[in-house]
Amino acid sequence: MDFWSGRRVRLRGIEPEDWEAFKEFDAHSADMRGGDMLHPPRSDEGYRRWALEEAIHRPDRDEFRLAIATVPDGALVGNVNTVDADPRAGRFGYGIAIGHRYQRRGYAREAVELLLAFMFGERRYHKCEVGVYAFNEPSLRLHRSLGFVVEGRLRDHEYFAGAHHDLVLLGLTAAEFAERRPFPALPDVNGGSAR
């Protein structure tokens, strides 16, 4: 079984031909604001170059971006990326974006679980910290359902759409994650399983 595949999605590297899907994702302004901020339009050539650069980009330490594709047809539905990876302190963050027409299908949840399993179970990180805009209720519900705990709120932290918005800070430790989703046992060379 492929570590990077779940029942619904598979995480993979970004390919140069993915540029058209990312252009489509960026066409939905509310989604751009919900995950980051509204960016100016980019040319087709700009999207092509961005996708090519992402396709050949080597991860910087434990900071990388992966495409989220559906199982079994491989349709690109979004991306997930790690940020602020600090191996000394043992914490990291991530961002996730799912294209508008693919939302509310469980793709984000499974992609985040795969990413957390890698960062906690393979890279030895202790804690994941994320910031979610207070108005983004679907994302707050997702994170709470994954076991994230609200650790604080930055008032009037971001500005867009003509107003300041609060940012909710959430955190999840490796132990809290493993309580809900135990790490898989390694196969034993004799046919059983070993830790």
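The values are calculated or read from the model by the stated rules, or taken from the named source; none is laboratory data. These numbers come from a predicted model, not from an experiment. Here the Cβ positions follow ideal geometry from the backbone for every residue, glycine too, while neighbour counts run over all protein chains shown. To get the accessible areas, we keep the full protein, side chains included, count just its heavy atoms, and leave off ligands, DNA and RNA. Shrake-Rupley method; radii C 1.70, N 1.55, O 1.52, S 1.80 Å.
Some points to look at:
- Selection count, segment 115-150, where residues are polar (S, T, N, Q) and either free of Cβ contacts under 8 Å to residues at least 60 places away in the same chain or closer than 10 Å to L170 by Cβ (or both): 2
- Any hit, segment 59-66, residues being open to solvent by 90 Å² or more (accessible area, probe 1.4 Å), under 18 Å from the mean Cα position of the chain (by Cα) and over 17 Å from L114 (Cβ atoms): yes
- Among all positions in segment 58-71, there is no residue which is in a helix (DSSP H, G or I) and farther than 18 Å from F177 by Cα.
- Among the residues making up segment 83-105, those that are open to solvent by 30 Å² or more (accessible area, probe 1.4 Å) and in a loop (DSSP other than H, G, I, E, B) are P87, R88, A89, Q103, R104, R105.
- When residues of segment 12-57 are limited to those that are of a type in the set (G, A, S) and in a loop (DSSP other than H, G, I, E, B), the one modelled with the lowest pLDDT: A27
- Summed over segment 152-183, residues that are under 20 Å from the mean Cα position of the chain (by Cα), loosely packed, with under 12 Cβ neighbours inside 10 Å and at pLDDT 95 or above total 1.
- Here V80 passes the criteria (1) surrounded by 13 or more Cβ atoms within 10 Å (Cβ to Cβ); (2) touching a residue at least 40 places away in the same chain (Cβ under 8 Å); (3) more than 17 Å from the chain's Cα centre (by Cα) except the one numbered (3).
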